[in-house]
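The values are calculated or read from the model by the stated rules, or taken from the named source; none is laboratory data. Note that this is a predicted model, so its numbers are computed, not measured. Methodologically, a virtual Cβ is constructed for each residue, glycine included, from the backbone with ideal geometry; neighbour enumeration extends over all protein chains shown.
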Amino acid sequence: RTTPPATTMISTVNHHNSTWSTFGKFIDTSKGSHVSGISDLKNYMQRFGYLQVSETSINDEFNEEFEVAITRYQRKLGLTVTGKLDTETISQMTVPRCGVRDTAPPLNTHAIQH
Amino acid sequence: YKYFKGKPRWSRAMPTTLTYAFSPNNIISSVNLSDIKVIFRRAFSRWSSVIPVNFTEAEDYGFSDIKIGFYNGDHDDGEPFDGVLGVLAHGFSPESGRLHLDAAETWAVDFEREKSAVAIDLESVAIHEIGHVLGLAHSSVKESVMYPSLKPREKKTDLKVDDIEGIQQLYGSNPNFNIEALAQSDTSSNRG
């Protein structure tokens with residue numbers, strides 16, 4: 001008999017609404033990757049004050065701007081700061097929460113350059 | 001603890017009384033109104049025990065300082081609710097006084113009575129949102145009531161030192177408040 005493959009469990013399966021429940025599939029996604037649905041995570045980050053980009057530029061690319069947003073999120077919520085979509089971070093994102101944004105949106109770097 | 005930009009607070013002289021009322025048109029039927037009122041009275045008293053602000057329920061919703069209501073989806077304040085779980089509630093910074101809860105949640109006043117796996121403790125959320133209405137933003141301290149998330153069936157109703165220091169920086173201390181008693185109580189709970 002073959003050994004079943006190891007699986008990663010997160011403890012949030014029943015703790016989320018339909019939008020955030022899909023976040024589990026992004027665990028271990030890293031910078032430079034292009035994964036369908038990452039834009040939902042970017043919208044989450046935008047909503048709670050960690051990312052500030054125009055709605056039209058929110059895409060499925062895991063770029064540097066998004067990595068910085070994750071780092072800000074981890075620091076603000078007392079998580080281990082890795083800049084990555086690790087299990088701890090994704091689990092935290094799926095927990096129900098207050099709708100008030102956590103932090104003032106970051107300054108738009110493009111605006112600064114101009 | 002953190003504050004909103006500009007550190008807004010209720011500007012009247014201390015000690016003072018703020019009135020609150022429930023929207024007659026935006027209430028839920030799954031929990032008795034009398035139970036909701038008991039929960040909010042207790043939630044307000046948590047804050048009034050540490051600052052020189054009293055809270056009293058008003059009959060006249062239109063003229064109350066703090067306006068509480070349960071809403072579904074888009075309710076015309078630019079912050080639509082999203083159905084079961086996800087976003088649970090939001091409170092506006094001083095001196096707006098608006099405190100909105102997502103009517104789609106399974107609100108619980110007693111987990112012995114409400115067995116749902118997605119039940120949300122109304123008192124914990126009420127205490128958190130009152131913190132916003134008074135001027136506190138989200139804290140990074142996980143144990144504090146002003147931490148932004150709350151799991152289903154979780155209760156978080158005791159103000160922590162982080163919450164108390166933050167709110168007392170805005171309004172001063174209730175003369176009857178004793179920080180040492182709180183510290184002892186925390187130690188006892190930890191032992192427990």
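When you scan the stretch B:1-24, how many residues do you find that are without any contact (Cβ under 8 Å) to a residue 24 or more places away in the chain and over 13 Å from B:TYR171 (Cβ atoms)?
Counting residues in the stretch B:1-24 that are without any contact (Cβ under 8 Å) to a residue 24 or more places away in the chain and over 13 Å from B:TYR171 (Cβ atoms) gives 2.
Exactly one of (1) under 12 Å from the mean Cα position of the chain (by Cα); (2) surrounded by fewer than 20 Cβ atoms within 10 Å (Cβ to Cβ) is unmet by B:ALA126. Its number?
(2)
Looking only at the stretch A:82-114, count how many residues are more than 21 Å from A:PHE62 (Cα to Cα), at pLDDT below 95 and among the β-branched types (Val, Ile, Thr).
Counting residues in the stretch A:82-114 that are more than 21 Å from A:PHE62 (Cα to Cα), at pLDDT below 95 and among the β-branched types (Val, Ile, Thr) gives 2.
Consider B:ARG9 carefully, then state whether it is within 18 Å of B:GLU129 (Cα to Cα) and part of a helix (DSSP H, G or I).
In short, no.
Looking at the stretch A:77-91 only, could you name the residues that are crowded, with 20+ Cβ neighbours inside 10 Å and part of a helix (DSSP H, G or I)?
Scanning the stretch A:77-91 gives A:THR89, A:ILE90.
Every residue in the stretch B:129-159 that is more than 17 Å from B:ILE68 (Cβ to Cβ) and not in a loop (DSSP other than H, G, I, E, B), please.
B:LEU136, B:SER149
Closer than 19 Å to B:LYS7 by Cβ and facing chain A (nearest Cβ under 9 Å), is that true of B:VAL125?
When the stated conditions are applied, B:VAL125 does not pass them.
Which of the residues belonging to the stretch A:92-101 are within 8 Å of another protein chain (Cβ to nearest Cβ), buried (at least 21 other Cβ atoms within 10 Å of the Cβ), β-branched (Val, Ile, Thr) and in contact (Cβ under 8 Å) with a residue 24 or more places away in the chain?
none
Listed here are the residues, each with its yes/no results for (1) over 15 Å from the mean Cα position of the chain (by Cα); (2) away from every other protein chain (no Cβ under 14 Å); (3) surrounded by 21 or more Cβ atoms within 10 Å (Cβ to Cβ).
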position: B:ALA108; (1), (2), (3): no, no, yes
position: B:ASP121; (1), (2), (3): no, no, yes
position: B:LEU136; (1), (2), (3): no, no, yes
position: B:VAL141; (1), (2), (3): yes, no, no
position: B:SER144; (1), (2), (3): no, no, yes
position: B:LEU150; (1), (2), (3): no, no, yes
position: B:ASP158; (1), (2), (3): no, yes, no
position: B:ILE167; (1), (2), (3): no, yes, yes
position: B:GLY172; (1), (2), (3): yes, yes, no
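Can you pull out every residue in the stretch B:70-128 that is in a strand (DSSP E or B) and among the β-branched types (Val, Ile, Thr)?
Result: B:VAL87, B:THR106, B:ILE120.
Within 18 Å of the chain's Cα centre (by Cα), over 19 Å from B:LEU159 (Cα atoms) and facing chain A (nearest Cβ under 10 Å): is that true of B:HIS100 in this structure?
Spelling it out, B:HIS100 is indeed within 18 Å of the chain's Cα centre (by Cα), over 19 Å from B:LEU159 (Cα atoms) and facing chain A (nearest Cβ under 10 Å).
Just checking, does the stretch B:48-64 include any residue being among the charged types (D, E, K, R), within 17 Å of B:LEU150 (Cβ to Cβ) and under 19 Å from the mean Cα position of the chain (by Cα)?
Looking for residues that are among the charged types (D, E, K, R), within 17 Å of B:LEU150 (Cβ to Cβ) and under 19 Å from the mean Cα position of the chain (by Cα), one finds none in the stretch B:48-64, hence no.
Yes or no: B:VAL50 within 19 Å of B:ASP163 (Cβ to Cβ), buried (at least 19 other Cβ atoms within 10 Å of the Cβ) and not small (Gly, Ala, Ser)?
Considered against the rule, which asks whether it is within 19 Å of B:ASP163 (Cβ to Cβ), buried (at least 19 other Cβ atoms within 10 Å of the Cβ) and not small (Gly, Ala, Ser), B:VAL50 comes out as yes.
Out of everything in the stretch B:55-91 that is on the phi > 0 side of the Ramachandran plot and surrounded by fewer than 19 Cβ atoms within 10 Å (Cβ to Cβ), what residue ends up being farthest from the other protein chains (Cβ to nearest Cβ)?
Checked the stretch B:55-91; the qualifying residue farthest from the other protein chains (Cβ to nearest Cβ) is B:ASP76.
Consider the stretch A:71-95. How many of its residues are closer than 18 Å to B:VAL141 by Cα and either in contact with a Cys (Cβ under 6 Å, 6 or more places away or on another chain) or among the aliphatic types (A, V, I, L, M) (or both)?
So the answer is 5.
Taking the stretch A:21-71 only, how many residues are more than 11 Å from the chain's Cα centre (by Cα), of a type in the set (Lys, Arg) and surrounded by 19 or more Cβ atoms within 10 Å (Cβ to Cβ)?
Final tally of qualifying residues: 0.
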